[in-house]
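What follows is one structure encoded as structure tokens, with my remarks underneath.
A short reminder: the numbers here are calculations on the coordinates, not readings from a lab. Quick caveat: nothing in here was measured; it's all calculated off a predicted structure. Note that we place each Cβ from the backbone using ideal geometry, even for glycine, and neighbour counts take in every protein chain shown.
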Amino acid sequence: MRGAQGHARLRLRIVAGAIAVAGLFLPAAQAFALWDDKLTLFVEEKGTHDDNVFRISKDADPATVIGSSSKGDTYRTTSLGFNLDAPVSRQRFQAGYTWNDNRYNRFNDLDNQGHDARATWLWQLGNDLSGQLGYTEISAMASFAFTQSRTLDRLKTRQALLNTTYLLTPRWRLQAGVRGLEQTNGDPQRQIYDVNVRYTDVTLSYVTPANTSVGLSARTEDGRFPNPGTTVDNAYGQDSVGIVADWTLSGVSHVSARADRVSRRYAHVPEQNFDGNIARAQYDWKPTGKFSLAAVAQRDIYPYLDIGSSFVLVRGGTLRPTLSLTEKIDLSGVFEYSVRDFLGNPGLASGVSSGRTDRVRSATATLSYRPARNVTLQISAQRESRSSNAALTDYLANVAFANLRIAF
């Protein structure tokens, strides 16, 4: 059976490689135009080297933790998929699907397949009523940053959303939405962190003729853990009220921001209750046609729950500069720094209680080259580190990858 599966994967890679090579010989002007360019097919091959795959601490013996003296590995990812963007009258339908196959050179037990699917209906009724109806599903290997073990955890995240925007008057806009999230772990030992969350929000904003807006927002969040096992049930409810703003400062700069007062209540562990302020602001600056910069500052609640804690408060910032060196070559970077305070019940492998604080630093540089409209080559390097007051949870990792993407 393993031999048959190996031959099947080899044939798949041969087909994908043949498609990629054929795409290189297609002039940009002759790229396939599927459904008047509404539908795009693509194939991508990516090679990655990671010198600390399992994010192991410098003070830990890898032979003891993962059964290997080496922490690094090189792996390949083959991706096939499509993107659809189809306007129909005043409606717009968008969809996409990407299938991934990951193969490791050394740690073969990590070989896995995943996918990323999405579908969205951007709907419009009359001139004053519009909204979105959408669904996304991601199946991928969970990050090793919080398990630091060799166990593969297949994490599946599903989200569904419905939001509506109604112009009460040319100056007043009402927005309302509901979103559901379901996250499940493939590793039986981590299924206690499976979670279902429902979000609702309502915002009333004043909009100027220049499309600058300021408004009041109210949001709720209800989280349930369906498989608590023998651990404490961390079911919670959260309410927040705040101010949202979006405005263009000039022709080259734009700011969006929100600030909220949050109250989180736990049904079974009231000692974890939280009352506090959160905020997020993003500044976009594009002084020339070749350079742009996005800067984000935040004090927010960690948005995902695959980290083994019901509540993590994040403070930090991100810089994302992009420089167009030529019409075909772009240089971009992502620089992040965050402080993460674990205020809930971590239940992590380290066994620490709430009170853990991590400091995470990450720097990524990417060079993109487009020799033709349908061909993209990228080379990227990343350095990420984490320090912590919890023993053996620090790590340092250097990652480099190169990928070739052909679109049809």
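In segment 244-299, one over the average inverse separation of all distinct C-alpha pairs is 13.6 Å, which is the Kirkwood hydrodynamic radius.
Suppose R0 equals 30 Å. What FRET efficiency, 1/(1 + (r/R0)^6) with r the Cβ-Cβ distance, do T318 and D37 give to the nearest 0.05? Efficiency computed from Cβ-Cβ geometry: 0.35.
Listed by chain and number, the lysines whose alpha-carbon sits under 23 Å from that of K156, ignoring those within fewer than 8 places in the same chain, are K46. Counted by Cβ distance under 9 Å from V178, the other residues give a net charge of +1, where Lys and Arg count +1 and Asp and Glu count -1.
Give, as ranges by residue number, the residues of segment 204-225 whose backbone N falls under 17 Å from the point 7 Å along Cα→Cβ of T169. So the set is 204-216.
Projected label points at D51 and L125, each 7 Å from Cα along the beta carbon direction, are separated by 5.8 nanometres.
In terms of the ratio Rg/(2.2 N^0.38 Å) built on C-alpha atoms, what value belongs to segment 177-289?
On the way: Rg = 18.8 Å, N = 113, 2.2 N^0.38 = 13.3 Å.
Dividing the Cα radius of gyration by 2.2 N^0.38 Å gives 1.42.
So what is log10(I(q)/I(0)) for segment 354-408 at q = 0.15, 0.18 1/Å, when the Debye sum runs over its Cα atoms only? Listed by q, the Debye log ratios stand at -0.58, -0.68.
With K and R counted +1 and D and E -1, the other residues having a Cβ less than 13 Å from that of T136 yield a net charge of +1. Using Cβ point charges alone (K and R +1, D and E -1), the dipole size of the chain about the Cα centre works out to roughly 600 debye.
Neighbour counts of other Cβ atoms within 10 Å put F225, F93, F54 in the fewest-to-most order F93, F225, F54.
Note on the chain: dipole from Cβ charges, positive end direction compared against V207, G289, L129; the farthest Cα belongs to G289.
In the P(r) worked out for segment 221-265, what percent of Cα pairs fall beyond 15 Å? Let's see the in-between values first.
Working: 630 of 990 pairs.
Roughly 64 percent, rounded to a whole number.
Please work out how much length the chain gains when fully extended from A400 to S143, using 0.36 nm per residue of separation minus the C-alpha to C-alpha distance, in nm with one decimal. Walk me through the numbers on the way to the answer.
Numbers: separation 257, 0.36 × 257 = 92.52 nm, distance 1.68 nm.
Gain in length upon complete extension: 90.8 nm.
Per the helix-only calculation at 222 nm, which mean residue ellipticity applies to the chain, given -39500 (n - 2.57) for every DSSP H run of n ≥ 4 and division by its residues, nearest 500 deg cm²/dmol?
On the way: 2 runs with 27 residues, N = 408.
Here the helix-only value at 222 nm equals -2000 deg cm²/dmol.
Multiply the residue gap between L367 and N273 by 0.36 nm, knock off their C-alpha separation, and tell me the result in nm, one decimal place.
Details: separation 94, 0.36 × 94 = 33.84 nm, distance 4.51 nm.
Here the answer is 29.3 nm.
Using the Cβ-Cβ distance between L325 and T64 with R0 set to 60 Å, the FRET efficiency works out to roughly 0.80.
In this structure, N112 and E336 have a Cβ-Cβ separation that, at R0 = 30 Å, corresponds to a calculated FRET efficiency of about 0.70.
Seen from a random direction on average, the alpha-carbon convex hull of the chain projects onto 22.4 square nanometres.
For N83, what charge total do you get from the other residues with a beta carbon under 13 Å from its beta carbon, if Lys and Arg give +1 and Asp and Glu give -1? Here the count lands on -1.
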